[in-house]
Amino acid sequence: MEHQAGEHEGGEAAAVTGAAMAGAEDQTDAPRRALLVRYLASHDQPCPNCRYNLRGLTAARCPECNLALQLRVSLVHPGLVLWLTGLIGLSLGTGLAVMMNVFMVLRMMERSPMTRQQESQWLWAVLLPALVLGGLLTAYVRSRVHFRSWHRATQRTVVGTCWMLSVAYLIFFSMVIE
Ligand SMILES: [Zn+2]
């Protein structure tokens, strides 16, 4: 348990950064370009693309890599690394289950029908897990917006559960399917 101030509330705070948008110069209107120049007059800010220090810039374009720049608001703690870790974990199990379904369907199409035992194996070890894991993955992807506002401990529990579900399914699958 850590109690670093702003660790989980951090997602609601904001900071101003420069961001490169190639070929989107039209979206940056004159007042915003002026704000960017004013901001960079007194701040060291690396170019988001080439890391060149943009301090003292007089145009909304990086002099080093020539990409258009804009001033925008961003989160202090994007906090997506942990979310992505969970996504990868849950995707492993879901991917395996979905792939096995495709494999089973292809096998069914080219060969004689499955035996009763194979049928129940397919239902419990492949089809059902694919539906459950697929549903959980969909819910997880949809939770992305709320994920940042969750407490750090909750985030870790959810991400850990994602990996545990996938590992549990891999073990279950290797034991059931010969
Ligand atoms: Zn640059």
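Does the stretch 33-52 contain any residue that is part of a helix (DSSP H, G or I), among the aliphatic types (A, V, I, L, M) and under 26 Å from LEU165 (Cβ atoms)?
Filtering the stretch 33-52 down to residues part of a helix (DSSP H, G or I) leaves 33-41.
Cutting the leftovers down to among the aliphatic types (A, V, I, L, M) gives us 34-37, 40-41.
Then keep just the ones that are under 26 Å from LEU165 (Cβ atoms); that gives none.
Within the stretch 33-52 (the criterion being part of a helix (DSSP H, G or I), among the aliphatic types (A, V, I, L, M) and under 26 Å from LEU165 (Cβ atoms)), the answer is no, since none of the residues qualifies.
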The listed residue being crowded, with 16+ Cβ neighbours inside 10 Å, in the same structural domain as ARG152 (by TED's automatic domain parsing), away from the ligand (no atom under 16 Å from the Cβ) and under 24 Å from MET175 (Cβ atoms), out of VAL132, VAL105, VAL98
VAL98
Across the stretch 49-66, what is the total count of residues that are small (Gly, Ala, Ser) and either within 24 Å of the chain's Cα centre (by Cα) or within 13 Å of the ligand (Cβ to nearest atom) (or both)?
2
Out of all the residues in the stretch 50-67, is one or more among the hydroxyl-bearing types (Ser, Thr, Tyr) and in contact (Cβ under 8 Å) with a residue 24 or more places away in the chain?
no
Can you say whether THR85 is touching a helix residue (DSSP H, G or I) at 6+ places or on another chain (Cβ under 9 Å), assigned by TED's automatic domain parsing to the domain that holds THR138, surrounded by fewer than 18 Cβ atoms within 10 Å (Cβ to Cβ) and hydroxyl-bearing (Ser, Thr, Tyr), as far as the supplied structure shows?
yes
Helices (runs of 4 or more DSSP H) enclosed by the stretch 107-178 - at least 2 residues per element that are within 31 Å of the chain's Cα centre (by Cα) and among the small types (Gly, Ala, Ser)
128-142, 152-176
Taking LEU69, is it at pLDDT 85 or above, within 14 Å of the ligand (Cβ to nearest atom), assigned to a helix (DSSP H, G or I) and touching a Gly at 6+ places or on another chain (Cβ under 7 Å)?
no
Checking LEU87 against (1) under 30 Å from THR154 (Cβ atoms); (2) within 16 Å of the ligand (Cβ to nearest atom): exactly one of these is not met. Which one?
(2)
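Pick from VAL141, VAL159: which is closer than 24 Å to HIS77 by Cα, at pLDDT 95 or above and crowded, with 17+ Cβ neighbours inside 10 Å?
Numbers: VAL141 fails: crowded, with 17+ Cβ neighbours inside 10 Å.
Testing whether each residue is closer than 24 Å to HIS77 by Cα, at pLDDT 95 or above and crowded, with 17+ Cβ neighbours inside 10 Å leaves just VAL159.
The values are calculated or read from the model by the stated rules, or taken from the named source; none is laboratory data. Worth saying up front: this structure is predicted, and the values here are computed from it rather than measured. Reconstructed Cβ throughout: ideal geometry from the backbone, glycine too, with neighbour counts over all protein chains shown.
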